[in-house]
Amino acid sequence: MAEGRREAPPQVSELIAALATPPGGALGVVRLSGEGALAAAMTFLEPKSVPERRPVLRDVLDGGSLLDLAVVTCWPEGRSYTGEEIVEISAHGSPYVLGRILELCLAAGARQARPGEFTQRAYLQGKLDLDQAEAVCDLILSQTRLAHRSAVARLEGGLSKSTARLRGLLVGALASLEASLDHPGEEAPPRPEEELREACREAGLLLEAAGRGRILSAGARVVIVGRPNAGKSSLLNALAGQERAIVSEEPGTTRDAVSEPCDLGGLKGLLIDTAGLREEAGAGPVEREGMRRTRTQLESADLVLLVVDRSAPLASQAALFPLLNKKPAVVALNKCDLPSAFPAAELRRAAGNLPVAEVSAARRAGLDRLCEAARSALLPASVPCELSVSVRHAAALGACLRELEAARLRPEPELAAEHLRRALAALDAVCGLSVPDDVLAQVFARFCVGK
């Protein structure tokens, strides 16, 4: 958990209440947090006692009449999720019942909680740092195995530990520089070049994870390219698990991009099927426009799946490889159920270091290997999942790295020390040791009410 306790505004102990579960379930939970949470619940519960940290069955009374039987749990201040006194009332999932329980809480002095306010209070009370709080939201929103794994790793403090290591390097380097400033008449200690170099390396590694975080949360744009009739549309249908794109033996069937979400073996992806690429000399105006749009899609791709037709001469497809333009890419060697029209060595020369996965889109064969190759290209093993950082993190880490590099270039200890102070301020924004109120508001606005 996070160390320390943030300076909380006076209204942090104000009693709040909200429905903590989505509507439509068999059960629902109404949560109270703040000073007097148990006293407020006792105004409509019977018997009027609830032990700490032990669920008990209680009657919920509405104007003296039984509204429902509920399981009630109370956590004391300092030993709860928010750090405040919390009462959770687990009742039957009737919208009327849950709505009335919430109204009874409000009538007892609570106010409706804002989105993310329970987690915000956990952050303000030092129960979570800011990245762990954001990880709670990412965990709730995770749709795939890898997104879930990343959120759990961050919730356990993975990114926080990495930034703490970097902060230790910065503090040590700054202390060395300031020692020379505090004692100008004495022999100056050696300039902390090693600490600065290692800090730049650590900050750079964290920044490398920015793309990973975006891909895990928003998904990867996977653009499928190849010559006409290479099997691009068949591959999209196979990966998507449905007949989304029209498949025909007639070349040039796909004229505009067709997109479909999919799960690339634990990674959220958006597959984009494109018009086939070939020499424009024999193409009509509509096909040429389709090829132009394919090149536009390539520019915004996170990953390119280059479909190579195993049953066609490679010489007619080799011109596609330079179009990748150093984008992360995987070669999908399609129609592996048919005889090959070229030797494997010829493909290895054309593909270079690109991974190659043999598939048969028509027979749905080899898809697991293709998905594994795609994940490896998008999420390098050198960047562990706990270092998946958000856009907000990336902006702060980028500012930190710029100040670190400026400090290394400054021979004057006064100026180098000032750049290190700015680097520390930028780094402290990642886990919320120092962050403006408007940034906090943006972070917790992503949450739903009750979390």
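Just so it is clear, none of the values below were taken in a lab; they were calculated from the coordinates. This structure is a prediction, so every number in the text was calculated from the model and none was measured. Ideal geometry is used to build each Cβ from the backbone, glycine not excepted, and the neighbour counts take in all protein chains shown.
When ranked by the protection proxy of mean other Cβ atoms within 10 Å per residue, highest first, what sequence do the peptides 159-167, 429-437 form? Present the calculation step by step, with values, prior to reporting the outcome.
Numbers: 159-167: 20.0, 429-437: 18.0.
Descending packing order for the listed peptides: 159-167, 429-437.
Take every Cα pair under 8 Å in the chain that's 6+ residues apart, average their separations, divide by the length, and report that relative contact order as a whole percent. Display every interim value, and only then the final one.
Numbers: 850 pairs, mean separation 76.2, N = 451.
This gives 17 percent for the chain.
Relative to the Cα centre, what is the charge dipole magnitude of the chain, using +1 at the beta carbon of each Lys and Arg, -1 at the beta carbon of each Asp and Glu, and rounding to the nearest 20 debye?
On the way: 53 positive and 58 negative charges, 286 e Å.
Approximately 1380 debye in magnitude.
Hey, any idea what Rg/Rh is for the chain, computing Rh the Kirkwood way over Cα pairs? Provide the component values of the computation, followed by the final result.
Working: Rg = 28.7 Å, Rh = 26.0 Å.
That ratio equals 1.10.
Take V60, V304 and order them by how many other Cβ atoms sit within 10 Å, fewest up front. Could you put the intermediate results ahead of the total?
Numbers: V60 23, V304 27.
Going from sparsest to densest Cβ surroundings: V60, V304.
5 Å is the cut-off here: which amide hydrogens, built 1.01 Å from N in the peptide plane, fall below it relative to A329, excluding neighbours closer than 5 in sequence?
V304
What does the C-alpha gyration tensor say about the overall shape of region 1-128? Classify as rounded when a/c is under 1.5, otherwise prolate if a/b is larger than b/c, or oblate.
Working: a/c = 1.89, a/b = 1.71, b/c = 1.10.
Judged from the Cα gyration tensor, region 1-128 comes out prolate (a/c at least 1.5, a/b above b/c).
Using the charge dipole of the chain (Lys, Arg: +1 at Cβ; Asp, Glu: -1 at Cβ; taken about the Cα centre), state which of N237, V71, G168 has its Cα farthest towards the positive end.
Looking along the dipole axis, the top candidate is N237.
Rank these for me by crowding, D273, D62, going from fewest to most other beta carbons within 10 Å. Please list the in-between numbers first.
Values: D273 28, D62 14.
The fewest-first ordering by Cβ neighbours comes to D62, D273.
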